[in-house]
Structure formats: structure tokens, C-alpha cells
Amino acid sequence: MTTVPDGFKDLLTAKKAFANLATINPDGTPQVTPVWFDWDGRHLRINSAKGRVKDKNLRRTPTVALCIQDPDNPYRYVQIKGRVTQVTETGADAHIDALAKKYLGQDRYPYRKADEVRVTYVIAPDRVQTMG
């Protein structure tokens, strides 16, 4: 597993940066979505609702790329290519609430729909590229 250089870990831990997540559609074309994420020191974690396009893409083809841009300097970023190593519904509601706290300052995710099932995806980096 590849690690993120210390000089860019602030983008994963301290800053409220969004990740642009690239997944692969069934026809082989890319699909890119801005996502919230967190970092446990080795893996990125993202969250979505079961049945969405990115959910289907991640389950079918676990190869991903993410670009995380510094919100204070758009010419500084980290790109991570990797693979989804775990897909789980266990703890996913608490995870989206933690992300809402990070990104919105709210204790609970305010956009939850009554019938949705939240899913957490754990991503292991294979390649890391930095700029800036």
C-alpha cells in the first residue's frame, strides 16, 4: 500500500477539502462525483446511499481515482488511485453523521431520506501523486 506524503496529509485530515471520485460506468466511461471523505491514516472512507450510480459502479468495479484539491490553493492537490477493499452498511449511518459534522458542522446528516440505506466504502491507495 502506498502512503500519502506528510506534506499533503493536511488535505486529508485538517482541511475541509472535497474529493472528486472517479468510478467506471458499465460501458467503460468514467463517472466523476464530488464526495465527502475521511482518512484513518491508511485508507480513505466515503459514504453514499445504496442503489446510486456510484454505489453500483463501486460494487461492480472497485478501481477508483480521487483528486483532493486544497481549498486554499487550487494548484495544490493529491491524486489517489486505488481500490475499494470494503463495502459495508454497518456503521454507515454514524459515518455519514461524522462527515456531516466535518463538512457542515452539524451532528446529523440533514439530507437523509427515510427509505435510503447508507453504505461506507473503504479505499486503499495504490498510487499517490501530488502537485504544489
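Values in this text are rule-based calculations from the coordinates and carry no lab data. Just so you know, these numbers come straight off a predicted model, no measurement behind them. Heads up, the Cβs are rebuilt from the backbone with ideal geometry, glycines too, and the neighbour counts pull from every protein chain shown.
Numbers for the structure displayed
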read-out	value
Qualifying chymotrypsin sites (Phe, Trp or Tyr not before Pro) in the stretch 44-132, DSSP loop, other Cβ atoms within 10 Å at most 12	Tyr111
Cβ-based net charge around Asp126, under 15 Å, with every Lys or Arg adding one and every Asp or Glu removing one	+4
Check: the stretch 6-131 dipole with +1 on Lys, Arg Cβ and -1 on Asp, Glu Cβ, in debye	200
Inter-probe distance in nm under a simple model that places probes 7 Å from Cα toward Cβ, at Asp126 and Lys101	3.3
Cα-Cα over 26 Å, subset of Lys9/Lys113; Lys54/Lys81; Lys54/Lys102	Lys9/Lys113
Inter-part distance where the stretch 10-72 and the stretch 90-132 are each reduced to a Cα centre, Å	10
Size of the stretch 76-132 as Cα extents on the principal axes (Å, biggest first)	39, 25, 14
Gaussian network model of the chain, springs between alpha carbon atoms under 10 Å - residue of Arg83, Arg42, Arg52 with greatest fluctuation	Arg52
